[in-house]
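The values are calculated or read from the model by the stated rules, or taken from the named source; none is laboratory data. As the structure is a computational prediction, the values presented were derived from the model and not from experiment. All Cβ positions, glycine included, derive from the backbone under ideal geometry; neighbour counts span all protein chains shown. Note: accessible area is taken over every heavy atom of the protein model, side chains too, but ligands, DNA and RNA are not part of it. Shrake-Rupley method; radii C 1.70, N 1.55, O 1.52, S 1.80 Å.
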Amino acid sequence: MSGATSSADLDEAPARTIYLNQPQQSKFRDNWVSTAKYSVVTFLPRFLYEQIRKAANAFFLFIALLQQIPDVSPTGRYTTLVPLLFILTIAGIKEIIEDYVSIIMGKAVLNTKFLRNGMWQNIIWKEVAVGDIVKVTNGQHLPADMIIISTSEPQAMCYIETANLDGETNLKIRQGLSLTASLQSREELMKVSGRIECEGPNRHLYDFVGNLRLDGQSPVPVGPDQILLRGAQLRNTQWVLGIVVYTGHDTKLMQNSTKAPLKRSNVEKVTNMQILVLFCILLVMALVSSVGALLWNRTHGEVVWYLEMLSVNFGYNLLTFIILYNNLIPISLLVTLEVVKFTQALFINWDIDMYYPETDTPAMARTSNLNEELGQVKYLFSDKTGTLTCNIMNFKKCSIAGVTYGHFPELERERSSEDFSQLPPPTSESCEFDDPRLLQNIENDHPTAVHIQEFLTLLAVCHTVVPERQGNKIIYQASSPDEGALVKGAKKLGYVFTGRTPHSVIIDAVSSKCAQRGLRSSLIVVKQHPLCKATRASLTQHCTSLGESLGKENDIALIIDGHTLKYALSFEVRQSFLDLALSCKAVICCRVSPLQKSEIVDMVKKHVNAITLAIGDGANDVGMIQTAHVGVGISGNEGMQATNCSDYAIAQVRVLGGFSYILDLWFAFVNGFSGQILFERWCIGLYNVIFTALPPFTLGIFERSCTQDSMLRFPQLYKITQNADGFNTRVFWGHCINALIHSIILFWFPLKVLEHDAVFTNGQGIDYLFVGNIVYTYVVVTVCLKAGLETTAWTRFSHLAVWGSMLLWLVFFGVYSVIWPTIPIAPDMMGQAGMVLRCGYFWFGLFLVPTACLVKDVAWTAAKHTYHKTLLEQVQELEMKTRELGKAMLRDSNGKSVNERDHLLKRLSRKTPPSLFRAHSVQQSVSHGYAFSQEEHGVVSQSQVVRSYDTTKRRTEIE
């Protein structure tokens with residue numbers, strides 16, 4: 001029993017008294033546990049808070065509020081509010097769907113048995129209450145924290161797997177009190193009367209302080225060896241009876257759960273910063289325009305007497321121009337990013353290559369906010385056991401008296417990822433040994449025959465495995481996969497372990513070369529722990545020996561154990577350790593604690609300007625998964641804690657491979673800085689949301705610079721996204737400058753052409769809105785064509801987005817010009833489409849103006865491609881030549897040729913992956929993982945365990 005619980009914890013959570021078979025005198029929490037991000041009550045305030053934290057949303061909310069001030073907004077009161085509500089609605093739906101899917105994936109309606117009114121009844125977990133007597137059977141998870149009453153095993157022992165709690169898959173032994181070990185029947189349990197006095201809920205997994213006071217008996221202390229925690233799984237034990245002491249969020253599992261940190265992608269951070277800079281530019285533009293309006297009114301006020309002068313109030317003018325120029329920050333940027341990320345998350349969930357049919361587990365994007373980070377990861381932190389290895393033990397090879405048995409010619413060469421994907425699944429007997437020489441040497445009285453027999457005998461008897469019979473079949477219940485594999489290996493070789501008694505084991509019997517083949521072997525070593533000074537000296541020596549190569553990636557690896565790492569992470573030598581680690585191609589940390597894993601990730605994350613990704617499959621990996629920029633959890637053999645706390649969840653590690661136009665600013669120079677808008681107000685509102693939203697959307701979803709095969713063939717291509725070459729501050733402002741040049745061409749060219757007026761045959765003249773509609777059309781066409789120039793992988797969706805957006809505007813323009821007065825909206829637009837389409841200048845400019853805008857971009861791209869060709873461009877040329885030769889064509893099931901893009905879309909659209917894609921896989925579902933034998937220093941020693949069982953007798957059954 002441990003009393004390590006701090007006084008602070010005891011003060012925060014007062015001790016509790018639990019009465020047995022009596023009503024509880026205190027009210028305790030129920031067993032309902034929710035891991036949802038939102039609830040019905042908290043959704044709206046929390047969602048709005050997170051959305052307003054985004055600079056763009058805050059800006060548009062500010063604009064929408066300004067538009068509500070009377071006589072200030074030149075664009076109406078709702079042209080920003082409606083698109084903003086649309087964006088928030090899309091984002092809200094996305095959050096609800098992601099949270100709901102996360103709840104469904106992590107929630108299962110589990111049942112358990114509890115004693116009520118003298119009968120065992122099945123109830124769901126959330127109905128379990130403190131003081132209930134609960135029965136849990138083999139393989140079930142514990143529904144709450146409970147004290148053991150009795151079990152099916154000798155001496156009230158039971159085995160549990162705590163993977164969901166601490167990531168360890170070796171079995172641990174817990175033992176009930178001798179006072180209650182005999183209480184097994186319903187009648188005996190119903191007669192129990194007394195109380196349990198214990199400490200209040202706390203997060204200490206390995207501590208528990210309490211006393212059991214049965215009526216008429218002396219009080220007995222209860223410690224951590226008598227308590228079973230929620231989330232643990234009962235193993236190798238037919239049943240266990242227990243009294244519930246903590247439920248719901250009071251359980252130690254939930255006390256240890258931490259709220260996932262709010263992670264923001266690098267793209268979002270850069271975007272927020274640039275939006276703030278753009279807002280400052282917008283303020284400068286508004287100030288300049290307001291001053292211009294003031295000066296113009298003073299200069300021309302008496303001359304233009306026929307104009308109804310607008311407000312001369314400087315403050316009102318400033319607000320007017322802020323509203324007028326708000327399109328400098330495109331509102332569609334937000335909705336496009338949200339929809340693109342959500343769709344990308346669906347593609348991840350549907351990806352056949354990430355599906356694992358052995359457990360029917362697809363990949364799952366638990367959040368879509370970090371999608372762009374996946375392509376920018378520079379440092380990868382991975383757990384080894386169960387993540388990079390499969391935690392499956394098979395008896396393949398052995399060395400006896402200097403002779404090695406077991407031959408695997410395929411191990412003579414290094415295996416590729418394809419070789420591993422084609423390996424057959426391990427057999428249920430955990431034995432792939434196939435070498436007839438071993439048994440032949442026994443039969444032929446080889447000089448080593450005695451050693452072989454002794455070796456096989458030791459395999460069959462030296463262990464803590466418990467055999468159970470199911471008919472004529474023997475099931476071995478092992479505390480670790482190592483023991484199980486060795487016993488099954490001995491069985492295959494004729495030494496069959498059949499039973500044990502407290503004093504005997506029953507069997508039926510008729511230098512390390514293994515380690516050189518990459519197979520797991522056991523070694524006994526003497527380990528010396530260096531002190532802090534030695535660690536510092538060693539790090540200094542290695543850093544000095546690297547010389548100028550320090551800080552650059554070298555083809556060397558650094559190996560460090562957890563004890564040394566404790567000193568390496570200390571303040572004095574942390575920087576030296578980081579410099580040395582960054583100079584290595586790989587760093588291997590052995591026997592490290594969960595906290596050390598998290599500290600390593602945090603060190604790199606804070607001191608290196610790079611994206612980090614952490615991947616693991618156990619509860620001990622949660623810290624580093626939550627600390628890294630991107631956390632990936634594997635739903636493997638170590639529980640679901642890592643998966644539930646991750647950003648992306650997979651079943652198995654596999655080798656896979658808006659423009660802003662400131663046209664209204666130019667218009668201000670020719671309208672006396674009056675705040676007059678060039679375009680119709682609802683056309684302004686729909687520009688970013690409808691007419692130019694599809695091209696960037698399809699770019700974000702379907703664009704791919706090169707094929708998957710090329711990415712695997714040329715891994716250097718990954719550095720393009722890793723170094724954020726595609727989106728950074730320089731690229732962002734390069735596009736802004738380019739947009740500025742485009743805006744000059746798009747506004748001034750049409751204005752100069754129409755400067756001397758144009759009269760139609762019906763005598764009707766042109767006005768500002770006529771010019772605005774022409775410019776608007778040119779802008780839509782230019783933006784769509786620019787998106788086409790940025791597109792590398794053209795698909796049917798790309799064509800639909802580029803050409804469809806242009807057509808959509810023209811159709812809308814035509815309809816919008818005739819709806820008044822049938823629909824009382826936009827009277828100024830009446831007949832505008834007919835006038836524009838009949839104007840010869842319009843058709844001449846429709847070809848000339850977009851061409852003038854884009855010819856510079858085409859020339860710039862061609863010059864770079866000619867004189868400074870990148871690796872990506874070289875690979876793209878290679879792919880193009882390959883396609884021309886017909887070597888990159890794929891064929892579908894009907895024999896029809898399709899390109900790789902179509903193949904990808906068809907592959908993603910099949911949500912139910914066929915099993916033939918993964919007919920053979922390295923990983924399989926197994927009960928245990930770590931290769932350690934039982935729990936060290938446990939409540940019951942191994943010698944006591946092996947002497948407690950008599951498999952020749954029938955076990956106790958309960959009703």
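If you go through region 1-36 and keep only what is closer than 19 Å to Tyr206 by Cα, open to solvent by less than 40 Å² (accessible area, probe 1.4 Å) and modelled with pLDDT of 85 or more, you end up with just Arg16. Any residue that is at pLDDT 80 or above and in a helix (DSSP H, G or I) - is there at least one of those in region 295-311? Yes: region 295-311 contains one or more residues that are at pLDDT 80 or above and in a helix (DSSP H, G or I).
Restricting attention to region 399-421 and to residues that are in contact with a helix residue (DSSP H, G or I) (Cβ under 7 Å, 6 or more places away or on another chain) and modelled with pLDDT of 60 or more, the residue that is farthest from Cys589 (Cα to Cα) turns out to be Ala401. On inspection, Val836 qualifies as surrounded by 13 or more Cβ atoms within 10 Å (Cβ to Cβ) and either of a type in the set (Lys, Arg) or farther than 17 Å from Thr692 by Cα (or both). Would you confirm whether or not region 730-739 contains a residue that is closer than 22 Å to Val836 by Cβ, modelled with pLDDT under 90 and either of a type outside the set (Val, Ile, Thr) or touching a helix residue (DSSP H, G or I) at 6+ places or on another chain (Cβ under 9 Å) (or both)? No, region 730-739 contains no residue that is closer than 22 Å to Val836 by Cβ, modelled with pLDDT under 90 and either of a type outside the set (Val, Ile, Thr) or touching a helix residue (DSSP H, G or I) at 6+ places or on another chain (Cβ under 9 Å) (or both).
Restricting attention to region 360-381, the residues being touching a strand residue (DSSP E or B) at 6+ places or on another chain (Cβ under 7 Å) and over 15 Å from Glu98 (Cβ atoms) number 8.
Could you tell me whether region 102-117 includes any residue that is open to solvent by less than 10 Å² (accessible area, probe 1.4 Å) and not aromatic (Phe, Trp, Tyr)? Scanning region 102-117 turns up at least one residue that is open to solvent by less than 10 Å² (accessible area, probe 1.4 Å) and not aromatic (Phe, Trp, Tyr). Scanning region 201-252 for residues that are surrounded by 19 or more Cβ atoms within 10 Å (Cβ to Cβ) and of a type in the set (Ser, Thr, Tyr) gives Thr237, Tyr246, Thr247, Thr251.
Pairs linking a residue in region 801-823 that is more than 26 Å from Cys784 (Cα to Cα) and in a loop (DSSP other than H, G, I, E, B) to a residue that is open to solvent by less than 20 Å² (accessible area, probe 1.4 Å) and not polar (S, T, N, Q), with Cβ atoms under 8 Å and 6 or more positions apart or on different chains, are Ile819/Ala826; Trp820/Ala826; Trp820/Met829. Restricting attention to region 121-180, the residues that are in a helix (DSSP H, G or I) and either among the charged types (D, E, K, R) or in contact with a Lys or Arg (Cβ under 8 Å, 6 or more places away or on another chain) (or both) add up to 4. For region 595-605, the condition of being in contact with a strand residue (DSSP E or B) (Cβ under 7 Å, 6 or more places away or on another chain), closer than 30 Å to Thr404 by Cα, open to solvent by less than 90 Å² (accessible area, probe 1.4 Å) and modelled with pLDDT of 80 or more holds for none of the residues.
Determine whether region 671-692 contains at least one residue that is at pLDDT 70 or above, within 30 Å of Asn609 (Cα to Cα) and part of a helix (DSSP H, G or I). Within region 671-692, not a single residue is at pLDDT 70 or above, within 30 Å of Asn609 (Cα to Cα) and part of a helix (DSSP H, G or I).
Scanning region 63-76 for residues that are surrounded by 16 or more Cβ atoms within 10 Å (Cβ to Cβ), modelled with pLDDT of 80 or more and not polar (S, T, N, Q) yields Ile63, Ala64, Leu66. Take the residues in region 604-620 that are of a type in the set (Gly, Ala, Ser) and under 12 Å from the mean Cα position of the chain (by Cα); name whichever of them is farthest from Tyr379 (Cα to Cα). Filtering first and then ranking leaves Gly616. When you look at Asp767, is it acidic (Asp, Glu) and in contact with a helix residue (DSSP H, G or I) (Cβ under 6 Å, 6 or more places away or on another chain), yes or no? Taking the combined requirement at face value, the residue does not satisfy it. Per the listing Tyr867, Tyr841, the residue uniquely over 18 Å from Pro695 (Cβ atoms), hydroxyl-bearing (Ser, Thr, Tyr) and out of contact with any helix residue (DSSP H, G or I) (no Cβ under 8 Å at 6 or more places or on another chain) is Tyr867. Test Gly639 against the stated conditions and say whether it is surrounded by fewer than 20 Cβ atoms within 10 Å (Cβ to Cβ), among the small types (Gly, Ala, Ser) and either modelled with pLDDT under 65 or closer than 30 Å to Gln255 by Cα (or both). For Gly639, the condition - surrounded by fewer than 20 Cβ atoms within 10 Å (Cβ to Cβ), among the small types (Gly, Ala, Ser) and either modelled with pLDDT under 65 or closer than 30 Å to Gln255 by Cα (or both) - is not met.
Annotation: Glu548 fulfils all but one of (1) modelled with pLDDT under 80; (2) open to solvent by 90 Å² or more (accessible area, probe 1.4 Å); the unmet one is (1).
The residues in region 685-715 that are more than 15 Å from Thr792 (Cβ to Cβ) and open to solvent by 30 Å² or more (accessible area, probe 1.4 Å) can be counted, and the count is 9.
Among the residues of region 136-145, not a single one is more than 13 Å from Leu229 (Cβ to Cβ) and surrounded by 24 or more Cβ atoms within 10 Å (Cβ to Cβ). The selection criterion, being touching a Ser or Thr at 6+ places or on another chain (Cβ under 7 Å), under 17 Å from Leu746 (Cα atoms) and of a type in the set (A, V, I, L, M), does not hold for Val771.
Picking from residues in region 194-232 that are assigned to a loop (DSSP other than H, G, I, E, B) and of a type in the set (Lys, Arg), the one that is modelled with the highest pLDDT is Arg230.
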